[in-house]
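The values are calculated or read from the model by the stated rules, or taken from the named source; none is laboratory data. Values in this document were obtained by computation on a predicted structure and should not be read as measured data. Neighbour counts run over all protein chains shown; Cβ positions are idealised from the backbone, glycine included.
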Amino acid sequence: MKNKDWFKARGYRHIDSKITISEKRIVLRKLSNPKYIAKHAFRPLIYKTLSERKYKKLKDSEGVYYRSHFERDTGESTKKVRPIHYACHLDAQIYAYYNHKILSSPYEDLLRATPGLSDCISAYRSIPAPEGFRNKSNVHFAKDAFEEVRQRGECIAIALDVKSFFSTLDHKILLERWKEVLGLSFLPPDHFNVYKSITQFRYVSLNDFRTLKGGFDEREISNYQKSGIDAFFKSMTDFRERLEAKEFIVRKNQFLKEENGKRYLIGIPQGLPISALLANIYMYRFDLAVYNELCLKRNIFYRRYSDDIVLVCSIDQREYAESFVREKISGELAKLKLSEDKTERTVFKAFQVNEKERLQSYALAKDGIMTFNVPFNYLGFQFYGYQTLIKNNRVSNFYRRMKRAVRVQHIKAEKAKEKSLIANKVIYKTRLYRLFSYKGIKKRELPNRRRYILTKNRLGYWARNPIEINRRHRGNALKYAQNAAEIMDAPEINRQYRNHFRILQETIGRYNFDNCTKD
C-alpha cells in the first residue's frame, strides 16, 4: 500500500509565506538536521474557533425528553466551540516530519510490544482495513464495538468522554511519555525544542488581522504577492515592527491549572500536525493499565478513540469498570477528568417482538431507571441492538448544508446573469447534484481547477501565474452512508436518505437557476 506523503502544501495564509511542493527537497534538508531544529525559533500560532451547531437532547422537570439549541437551566447556547491553533508553514512541516518520520514508528512498536493493546487505540492511526478499503475508518471502529455487543448478548455499553482533552494534558506526563517512546532518559535538543514550542506556545488571534469591515487588507496582501510573498506580513521584521506598534497582541499559552495554591501551564494546541500523535503517546500508560486490568483479567472490551472511551462488559462488572477508569484517568497516569454529563450507559437485553427475539437497547440513568429503545451512540452512529443508524444530527446537517448550498449557488447564478445573458444550459446545478444526490455517489474525474502561484517573470518581477490542479470527486454523504451500510451490513442506513432527491428538487424549485432572460 502506498503511504500518503507527510509533506503537504498548506493553502492557508499565515505569518510566513506558503511552501510549495517544489520546495520539498530544500525544506527536507533543514528538517532532517537535528542541529537546525534544536536552534529553530518557532513562530506564533494563529488562533481561531470552530463552532458546531448542536440540537441537544434535554429532559424537562417532569422527565420528558425534548430537543433544543439552548440549555434548559442556563439558557446558554448548546453549540460546541472548539479552539484551533495552526502553525506557520515551515513550523507545520517540522511538526509533520516529527510526527510521521520520527515518532510514529517507535510509538507503534511500543503498542505492538503488548499483544492486543494496539487494537484498543483507534484514532489518528493507519490501521489496515478488510479487503476493498485502504485503512480502517470510524465506520469500522464503530462496527467493532457493535459486533462485540451482538456477540455478548445481554451486556452494557459505557461511553465515557474525557473533558477538555487537548487543553488539559499535563506537560510533565507528556515529557515522560515522549522519552519513553524514544527509549531515552532525556529528550535530545531537537526533540526538546519541538516539545517546548508545543507546551509553551504563543499565538495571535486571526481576528487581529482583520480590518474594521471584518475582512483582510487585500490591497496590502496583493502588494506582498507582487514581491513573491503570500503571507500577512512582508517579513518577520515587518511582523515585529507591527507587534511593537501594538497592532496586535502575541499571547502565551492560556491553558492553566491551579493546584496547591500554585498555577502552572497545561495543555497543547489542537490543530497542529503532531497534536493527535502526542495525545496518543500521552495516554499510553493509561491505555496499558486499562488493557491489563480490564481486558486481560476481566474480559472487558475497551476502545479509545481520542477522548472517547467505550467499555462493553456484563452488567455486574459496570461499577468496577467505571471506577477503575475514573481512578486511573484522574491519577498520576493521566491527570485528566471525565465529563460526567456526557457519560452514557446502554443496557442490551433480549426482547420479544411478534414471537421473535431481538437484541434491544435501553438507556440506563444514574437512578437506575431504564428507558426503552434509546440507542448506544458511538462515532456518529446509533446502535439499537436490532438496527444501526447514522446519528440523527448528522442526517439533519446534511439537509441543512444542502439548503444552504442551494441558496448560495442561486446567488452565484444571479450574479452570473447580471454579467452575461447567454441562452445556455442551466448553471450551477451540476455541483449541487454531485454533492447532495445519488448522482454524486460514484467517483469521477472533475474539470481541472485553476490556482495561482507566485513565480518570477522574464523581467524578474513576481507575478501570480495560473496552474491547473487535477481534481477527483470521491463521493458525498450518500456515498459515506452507502459504504457504512455495506460495512455494517445495515441496509436501514440507506433508508435514512431515501427522500434526499425529492427534497433537493423541491429546494432548487424555489429558486430561478436559468442563466438567460425569459421571453
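Overview of values
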{"quantity": "Members of segment 119-139 that are part of a loop (DSSP other than H, G, I, E, B) and either under 13 Å from Val310 (Cβ atoms) or at pLDDT 95 or above (or both)", "calculated": "Ser122, Ala123"}
{"quantity": "Check on Ser361, modelled with pLDDT of 95 or more, hydroxyl-bearing (Ser, Thr, Tyr), out of contact with any Lys or Arg (no Cβ under 7 Å at 6 or more places or on another chain) and not in a loop (DSSP other than H, G, I, E, B)", "calculated": "yes"}
{"quantity": "Residue in segment 176-198 that is acidic (Asp, Glu), modelled with pLDDT under 95 and more than 24 Å from the chain's Cα centre (by Cα) present", "calculated": "no"}
{"quantity": "Some residue of segment 284-294 being under 26 Å from Lys48 (Cα atoms) and among the aromatic types (Phe, Trp, Tyr)", "calculated": "no"}
{"quantity": "Residue list for segment 293-316, restricted to those being without any contact (Cβ under 8 Å) to a residue 24 or more places away in the chain and in a helix (DSSP H, G or I)", "calculated": "Lys297, Arg298, Asp316"}
{"quantity": "Ile281 being assigned by the TED database to the domain that holds Asp109, under 21 Å from Lys48 (Cα atoms) and either in contact (Cβ under 8 Å) with a residue 40 or more places away in the chain or under 21 Å from the mean Cα position of the chain (by Cα) (or both)", "calculated": "no"}
{"quantity": "Helices (runs of 4 or more DSSP H) contained in segment 146-247 and holding at least 3 residues out of contact with any strand residue (DSSP E or B) (no Cβ under 6 Å at 6 or more places or on another chain) and of a type in the set (Lys, Arg)", "calculated": "171-182"}
{"quantity": "Those residues of segment 373-393 which are on the phi < 0 side of the Ramachandran plot and free of Cβ contacts under 8 Å to residues at least 60 places away in the same chain, in sequence order", "calculated": "Val374, Pro375, Gln382, Tyr384, Tyr386, Lys391, Asn392"}
{"quantity": "Residue check, Leu333 within 30 Å of Ile266 (Cα to Cα), modelled with pLDDT of 95 or more and crowded, with 19+ Cβ neighbours inside 10 Å", "calculated": "yes"}
{"quantity": "Cβ-Cβ under 6 Å pairs, at least 6 apart or on other chains, segment 43-61 side modelled with pLDDT of 65 or more, far side of a type in the set (A, V, I, L, M, F, W, C) and loosely packed, with under 11 Cβ neighbours inside 10 Å", "calculated": "Thr49/Val81; Ser51/Val81"}
{"quantity": "Residue under evaluation Leu272, criteria (1) buried (at least 18 other Cβ atoms within 10 Å of the Cβ); (2) not assigned by the TED database to the domain that holds Leu31, criterion not met", "calculated": "(2)"}
{"quantity": "Filter result (aliphatic (A, V, I, L, M) and closer than 21 Å to Pro83 by Cβ) within segment 282-302", "calculated": "Met283"}
{"quantity": "Any pair with Cβ under 9 angstrom, 6 or more apart, that starts in segment 418-444 at a residue that is polar (S, T, N, Q) and ends at one that is surrounded by fewer than 17 Cβ atoms within 10 Å (Cβ to Cβ) and at pLDDT below 65", "calculated": "Asn424/Cys516"}
{"quantity": "Hits in segment 367-403 (condition: over 24 Å from Cys155 (Cα atoms) and in contact with a helix residue (DSSP H, G or I) (Cβ under 6 Å, 6 or more places away or on another chain))", "calculated": "Phe398, Met402, Lys403"}
{"quantity": "Criterion: of a type in the set (S, T, N, Q), under 17 Å from Trp6 (Cα atoms) and in the same structural domain as Ile315 (by the TED database) - qualifying residue of Ser118, Ser122, Ser126", "calculated": "Ser126"}
{"quantity": "Criterion violated by Gln200 - all others in (1) buried (at least 16 other Cβ atoms within 10 Å of the Cβ); (2) over 27 Å from Val347 (Cβ atoms) satisfied", "calculated": "(1)"}
{"quantity": "Failed item in (1) touching a strand residue (DSSP E or B) at 6+ places or on another chain (Cβ under 9 Å); (2) outside any helix (DSSP H, G or I); (3) surrounded by 15 or more Cβ atoms within 10 Å (Cβ to Cβ); (4) aliphatic (A, V, I, L, M), with Ala142 passing the rest", "calculated": "(2)"}
{"quantity": "Criterion (at pLDDT 75 or above and either aromatic (Phe, Trp, Tyr) or surrounded by fewer than 15 Cβ atoms within 10 Å (Cβ to Cβ) (or both)) met by exactly one of Glu506, Glu468, Glu418", "calculated": "Glu506"}
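Listed here are the residues, each with its yes/no results for (1) within 30 Å of Ala350 (Cα to Cα); (2) loosely packed, with under 13 Cβ neighbours inside 10 Å; (3) within 27 Å of the chain's Cα centre (by Cα).
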| residue | (1), (2), (3) |
| --- | --- |
| Lys366 | yes, yes, no |
| Ile369 | yes, yes, no |
| Tyr378 | yes, no, yes |
| Phe381 | yes, no, yes |
| Asn392 | yes, no, yes |
| Phe398 | no, no, yes |
| Lys403 | no, no, yes |
| His410 | no, no, no |
